[in-house]
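A quick write-up on the structure given underneath.
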Amino acid sequence: MSNAATARTLVISFIEEMNRSSLRGDEIQNDFELKDKLNIDSLNKLILLTRVTEHLGIEFGTADKTINDFTTVNDLISFVESHTSALEVS
């Protein structure tokens, strides 16, 4: 499985676990906005980012991004892809 596919699988699984939307993982598109399409408000976005960073073993504060930088599913996938070495260790 490619890093992009692995990153997408990881992000989608965490979104599904949050159960904020009636959509299944295979229905979630990369360009979906977290808030508008998936009902992930700022608090739930923080929870989602925390889960992703804990899984990757990184600290969000060291990632040089803010919570506002993540508006779409693709933003999260790109973030995970940029930490592929952490993915390979997990």
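Read-outs: derived from the displayed coordinates by stated rules, not from any lab. Computed from a predicted structure; not experimentally measured. As a convention, Cβ positions derive from the backbone with ideal geometry for all residues, glycine included, and neighbour counts pool all protein chains shown.
Each residue in Ser21, Ser13 was given a count of other beta-carbon atoms within 10 angstrom of its own, and listing them fewest first yields Ser13, Ser21. Across the options Leu43, Thr71, Leu56, the greatest Cα extent toward the positive end of the charge dipole of the chain (unit charges at beta carbon of Lys, Arg, Asp, Glu) belongs to Leu43. The slack in the chain from Thr66 to Asn19, taken as 0.36 nm per residue of separation less the alpha-carbon distance, amounts to 14.6 nm. Specify the residue with the greatest mean-square fluctuation among Leu76, Leu23, Leu49, computed from a Gaussian network of the chain linking alpha-carbon atoms under 10 Å apart. Among Leu76, Leu23, Leu49, the largest mean-square fluctuation in the Gaussian network model of the chain belongs to Leu23.
Relative contact order for the chain: 37 percent, from Cα pairs under 8 Å spaced at least 6 residues apart, divided by residue count. Within 13 Å, Cβ to Cβ, of Leu38, how many net charges do the neighbouring residues add up to if Lys/Arg are +1 and Asp/Glu are -1? Residues close to Leu38 contribute a combined charge of -3. Can you tell me how the chain classifies by the Cα gyration tensor, rounded, prolate or oblate, using a/c under 1.5 as the rounded cut? In terms of gyration-tensor shape, oblate. Under 5 Å from the amide H of Thr72 lie the amide H atoms of Leu34, each residue being 5 or more positions distant or on a separate chain, with H modelled from the backbone and absent for Pro and chain starts.
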